[in-house]
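Only one structure is covered here, and it is reproduced in the block below.
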Amino acid sequence: MESTAQYWKPVWRKLEGKYRLHLAQAQSNRAPRGRKEDFRDAERLVRRQVAGELILSFVPDPEQRLWRTVTHTKLQLTRDKVRLTNQLEALLEDCRIKLSGFVSQLLGASSRRMLKALAEGETDAARLAALTDAGLRATPVQLPDALAAAATLDPARRGLIRLTLQRLELMEKQIAQLDTMIAKLLHEPSEAVLRLTEIPGVGVDSAQQIIAEVGPDAAVFPSSQQMASWVGVCPGRQESAAVSKSDRSPKGNRAMRRILAQCANAAVRAKGSAFEVFYRRIVPRLGHNKAIWLAHRLCRLAWKVLRQHLRYREIGPRPNLEAVRKRASRLATQLRQLGYQVTPPHTEAIS
């Protein structure tokens, strides 16, 4: 079969388990110009497959494809929530309510209470400000001034704020349901999730997404270099007559590239870790955009953790034991909420 958009999937699912299937990338099967004929195209595919000229795509098993579908759905919902949060902030500014300048999170507990009261018709800025927690960074004078426009807010805009808050609450409930669903689906490879979370910058959600993309053992990739090439976090090589045309990285698996880039940005902020030391050494010379490509190291490290069943051991010069202990406790709490059985390791074992 030739992979074109989504049209190959129903045929693949119908024949899966009955035959040995190969999915060829369309770029490696360019047909000659002229009128296309299905039978001749099939013959050409077979000849090129026998000659080893086709580039085959990696198609996971049905269970792993289900993992991918659920994790991608959660990612899309999270993006929709961020987009809707930005729309809410724009709506508040259109109403002359600059709330985001005085709270750390627009959807925090204090902000939600004020926004719900505002949507229900409250017009007194002092009463709205009194709904906040004592630890809010805004002073008692600043917050009523930011909410002064509530007295003249029309019912239509209040209704828009109420609808936006309802949509956000629905998205949050669906994301929580997807979290529970992912934890149940990945209950068997829970040990792999725990090992991945020990890597600096990799959280529970990132570990689940990595396993959904490459599998619990990364068994498809014989080496870490091949996995990095498949992901697209290594330099490309386009040469002709011993002349390099381009060193741009391949597109690879975009979902894995996004996950590793996010983990790399978090890993370089882990105090005392090897990633922070390496990043600080090369960022003055390369800049952030190139230095953050230590995602390549994270990719190869993830392969070792999954394929060789190793545990991460920090080799940084000055590990912050208190920070490591807090992170281990936080991750253990998050894993228990998802149904995993985990005990925080001792700080000496982590360091």
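Whole-Hz ³J(HN,Hα) for each residue in region 9-24, computed from phi via Karplus 6.51 cos²θ - 1.76 cosθ + 1.60 with θ = phi - 60°, x for glycine and proline: what do you get?
With coefficients 6.51, -1.76 and 1.60, one gets 5, x, 5, 4, 5, 6, 8, 5, x, 9, 9, 8, 9, 10, 10, 9 Hz.
Using θ = phi - 60° and the Karplus form 6.51 cos²θ - 1.76 cosθ + 1.60, what ³J(HN,Hα) does each residue of region 267-276 get, whole Hz, x for Gly and Pro?
Couplings: 5, 6, 9, 6, 4, x, 7, 5, 5, 5 Hz.
Could you work out how far helix 62-94 tilts from the main Cα principal axis of the chain, as a 0 to 90 degree angle to the nearest 10?
Helix 62-94 sits at roughly 30 degrees to that axis.
For the Cα atoms of the chain, what angle does the longest principal axis make with the long axis of helix 321-337, in degrees from 0 to 90, nearest 10?
The angle comes out near 80 degrees.
Quick one: net charge around Gly203, please, counting Lys, Arg +1 and Asp, Glu -1 for every other residue with C-beta under 10 Å from its C-beta.
+1
Taking the Cα centre of each part, how many Å lie between region 1-66 and region 152-174?
47 Å
Distance cut-off 31 Å, Cα to Cα: go down the list Lys98/Lys290; Lys271/Lys304; Lys173/Lys271; Lys173/Lys290 and report the pairs above it.
Going by Cα-Cα distance, Lys98/Lys290; Lys173/Lys271; Lys173/Lys290 fall outside the 31 Å limit.
From the phi angles alone, apply the Karplus equation (6.51, -1.76, 1.60; θ = phi - 60°) to region 224-236 and give each ³J(HN,Hα) in whole Hz, x where the residue is Gly or Pro.
For region 224-236, the Karplus curve yields 5, 5, 5, 5, 5, 5, 5, 5, x, 10, 10, x, x Hz.
Would you grab the residues whose amide H sits under 5 Å from the one on Leu107? Only those 5+ places off in sequence or on another chain, please, with H modelled 1.01 Å from N.
Hits under the 5 Å cutoff: none.
Would you please classify the overall shape of region 63-184 from the alpha carbon gyration tensor, given that a ≥ b ≥ c denote the square roots of the eigenvalues, rounded means a/c under 1.5, and beyond that prolate means a/b larger than b/c while oblate covers the rest?
Note, shape of region 63-184 comes out prolate.
Helix 38-50 against the longest principal axis of the chain: what's the angle in degrees, Cα atoms only, rounded to the nearest 10?
Once rounded, the angle reads 80 degrees.
Read through the labelled values (1) 0.96; (2) 0.94; (3) 1.06 and report the label of the one computed as Rg/Rh (Cα atoms, Kirkwood Rh) from the structure.
Label of the calculated value: (3).
Each value in this text was obtained by applying a stated rule to the coordinates, not by laboratory testing. Being a predicted model, the structure only gives us computed values, none of them experimental. All Cβ positions, even for glycine, are placed from backbone atoms using ideal geometry, and neighbour counts span all protein chains on display.
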